[in-house]
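Remarks on the structure that follows.
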Amino acid sequence: MLPQVFVLSAKGDRLLYKDFRGDGDSELVDTFCQKIAALPGDQAPVFMQARQGLHFAHVRHAGLYFVVTVLPNASPFAAVEFLNRLVTLLRDYCGSLSEKTVSLNFALIYELLDELLDYGYIQTTAPDVLKNFIQMEPVLSQPFSLLDLSTVGLFGADTQQSKVAPSCAAARPVLSLRGEQSSRPEVFLDVVERLTVIIAANGTPMKTDIQGEIRLKSFFPGCSEMRVGLTEEFCVGKTELRGECAPARHRTSGPAPAKASLALPLGYGTAVRVDECSFHSSVKLDEFERSRILRVNPSQGELTLMQYQLADDTAAALPFHLFPTINHDPSGRVQIYLKLRCDLSPKSHAVNIHLHLPVPKATLSLSQELSSPEQSATFQPSTKSIEWVIPRVQGGSQLSALFKLEVPGLSRARLLELGPANLSFEVPAHTSSGLQIRFLRFVGPHPSLPHRWVRYVTHSDSYVIRLSAG
């Protein structure tokens, strides 16, 4: 049972509050804000005690806090799953999530909550069921344009770099507004990969993990069946032999589909191996073993078709390597020369590269020399770190920076406070695992086939490079 639901801004302002049982009070919001503010760092726990016999469960998306209160007899995992589905539904109905979007669509969100919960009990979160009862129209904060495809961000995906603007699909509600029913439908399929890397001081990778997802967002009502073809030599398991793929453990169901009416051919490469993968419950896998084809009957909205993981064995080289040179003298001067090499192919590029480098806590000042004018670097006295920002770098190129620090009373112990470097970035049109989408087809007759967009992106989850101060 979830007695109360509320949404807060990043500053703690109350945007929405719904009490389904009438036994809540305004102090619950203040209590939650105080508990969040008292936590050290940005990694807040999902569950916190509100008072005796009542707990908070929350998730954070787009800088907003989505919170429910949980009674002792309720499943905490169900509470988190409900919040994640609530966020997905709000994106389906309102487009991109922001404080302004929530404020403009508060009446629609209250109507949606009334259908989701009854006296604190979850009724349904299925978009196909809810669209029969929701009457309010969404209010868009800004008009979207199909011509605006220059941005890198994914539909509704929260990337690490807030400067990456979302694409047109992020700002567009899934359910068409009145007067837009004649527009041609669209389907977006995104392959998203997150890198977790630790590189030793000698340049040897100590850990390389890839967490990947295949996300679908459909603006296509009444779709009978969609077929997604993965790389033919997609292997699940520890085998590394080309063409000998370990069988994936999954359920199979459903008859063989009819011939597709239209294909979307895409290039694909050699064998791709992952350690394990999982699929959404609606995905039919009877053709996955033989042909690496996923079959699904998607409703309008967002859906994670597949999740996969790969550890310590990537098909492509790591996107970045850092070559540091550190010199110091007894007077307290420290020189740090950093050469950052991008090992992507020359046709690829990375955007929003941000290098965070902790320096000795006694550092007083910083001077810098950068290899190009578009770069920038600042010294943060509060965190005692250097922030090196590069807007864009082409594959196969390298950039450099020279930092000169003044560290009074420099000692070997203080030199140990230097590093490690933490790199964040985003690489569009690239997957580190090598996974590609061969085709995207629709089965059965349709009045008009939708526009289909297949996109790839890799970004850093944690990319740590250790340094040796010598």
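The values are calculated or read from the model by the stated rules, or taken from the named source; none is laboratory data. It should be emphasised that the depicted structure is a prediction, and the values quoted were computed from it without experimental measurement. All Cβ positions, even for glycine, are placed from backbone atoms using ideal geometry, and neighbour counts span all protein chains on display. Note: accessible area is taken over every heavy atom of the protein model, side chains too, but ligands, DNA and RNA are not part of it. Shrake-Rupley method; radii C 1.70, N 1.55, O 1.52, S 1.80 Å.
Kindly evaluate Ser382 against the criterion of being of a type in the set (Ser, Thr, Tyr), without any contact (Cβ under 8 Å) to a residue 24 or more places away in the chain, surrounded by fewer than 16 Cβ atoms within 10 Å (Cβ to Cβ) and out of contact with any helix residue (DSSP H, G or I) (no Cβ under 8 Å at 6 or more places or on another chain). Before the answer, list the steps.
Values: of a type in the set (Ser, Thr, Tyr): yes; without any contact (Cβ under 8 Å) to a residue 24 or more places away in the chain: yes; surrounded by fewer than 16 Cβ atoms within 10 Å (Cβ to Cβ): yes; out of contact with any helix residue (DSSP H, G or I) (no Cβ under 8 Å at 6 or more places or on another chain): yes.
For Ser382, the condition - of a type in the set (Ser, Thr, Tyr), without any contact (Cβ under 8 Å) to a residue 24 or more places away in the chain, surrounded by fewer than 16 Cβ atoms within 10 Å (Cβ to Cβ) and out of contact with any helix residue (DSSP H, G or I) (no Cβ under 8 Å at 6 or more places or on another chain) - is met.
Scan segment 316-334 and report the pairs whose first residue is open to solvent by 70 Å² or more (accessible area, probe 1.4 Å) and whose second residue is assigned to a strand (DSSP E or B) and polar (S, T, N, Q), with Cβ atoms within less than 7 Å and a gap of 6+ or a chain change.
Asn327/Gln335
Within segment 272-303, track down each residue that is open to solvent by 40 Å² or more (accessible area, probe 1.4 Å) and touching a Phe, Trp or Tyr at 6+ places or on another chain (Cβ under 9 Å).
If the condition is that a residue be open to solvent by 40 Å² or more (accessible area, probe 1.4 Å) and touching a Phe, Trp or Tyr at 6+ places or on another chain (Cβ under 9 Å), then Glu276, Ser278, Phe279, Glu302 are the ones that fit.
Just to be sure, is Arg341 part of a strand (DSSP E or B), open to solvent by less than 40 Å² (accessible area, probe 1.4 Å) and among the charged types (D, E, K, R)? First the steps, then the outcome.
Working: part of a strand (DSSP E or B): yes; open to solvent by less than 40 Å² (accessible area, probe 1.4 Å): no; among the charged types (D, E, K, R): yes.
Criteria not met by Arg341.
When the residues of segment 157-202 are filtered to those that are of a type in the set (Lys, Arg), farther than 24 Å from Leu112 by Cα and assigned to a loop (DSSP other than H, G, I, E, B), which remaining residue is modelled with the lowest pLDDT?
Taking segment 157-202 as the starting set, the residues that turn out to be of a type in the set (Lys, Arg) are 163, 172, 178, 184, 194.
Imposing the further condition that a residue be farther than 24 Å from Leu112 by Cα reduces the set to 163, 184, 194.
Checking which are assigned to a loop (DSSP other than H, G, I, E, B) leaves us with 163, 184.
Details: Lys163: 34, Arg184: 65.
Looking at residues that are of a type in the set (Lys, Arg), farther than 24 Å from Leu112 by Cα and assigned to a loop (DSSP other than H, G, I, E, B), I get Lys163.
Among the residues that make up segment 239-259, is at least one of them more than 19 Å from Gln436 (Cβ to Cβ), at pLDDT 70 or above, part of a loop (DSSP other than H, G, I, E, B) and open to solvent by 10 Å² or more (accessible area, probe 1.4 Å)?
No, every residue in segment 239-259 fails to be more than 19 Å from Gln436 (Cβ to Cβ), at pLDDT 70 or above, part of a loop (DSSP other than H, G, I, E, B) and open to solvent by 10 Å² or more (accessible area, probe 1.4 Å).
Looking at Pro391, Pro330, which one is farther than 18 Å from Ile465 by Cβ and not in a strand (DSSP E or B)?
Details: Pro391 fails: not in a strand (DSSP E or B).
Only one candidate qualifies: Pro330.
Give me the pairs, please: first residue somewhere in segment 389-405 and among the hydrophobic types (A, V, I, L, M, F, W, C), second residue anywhere and surrounded by fewer than 16 Cβ atoms within 10 Å (Cβ to Cβ) and assigned to a strand (DSSP E or B), beta-carbon distance under 6 Å, and either six or more positions apart or on two chains.
Final answer for the pair search is Val389/Ser376; Leu402/Tyr337; Leu402/Glu369.
Against the definition (under 27 Å from the mean Cα position of the chain (by Cα) and open to solvent by 10 Å² or more (accessible area, probe 1.4 Å)), how does Leu355 come out, yes or no? Steps first, answer last, please.
Working: under 27 Å from the mean Cα position of the chain (by Cα): yes; open to solvent by 10 Å² or more (accessible area, probe 1.4 Å): no.
Against the criterion (under 27 Å from the mean Cα position of the chain (by Cα) and open to solvent by 10 Å² or more (accessible area, probe 1.4 Å)), Leu355 does not qualify.
For segment 1-92, list the strands (runs of 3 or more DSSP E) that sit wholly inside it and hold at least 1 residues that are open to solvent by 40 Å² or more (accessible area, probe 1.4 Å) and in contact with a strand residue (DSSP E or B) (Cβ under 8 Å, 6 or more places away or on another chain); which are they? Please lay out each step first, then the result.
Numbers: elements: 4-8, 14-19, 47-51, 54-61, 64-70.
It comes to 14-19, 47-51, 54-61.
In segment 203-220, what residues are over 22 Å from Arg455 (Cβ atoms), touching a residue at least 40 places away in the same chain (Cβ under 8 Å) and not in a strand (DSSP E or B)?
Across segment 203-220, the qualifying residue is only Gly203.
When only residues in segment 109-132 that are open to solvent by 70 Å² or more (accessible area, probe 1.4 Å) and closer than 16 Å to Ala79 by Cα count, which is farthest from the chain's Cα centre (by Cα)?
Tyr119
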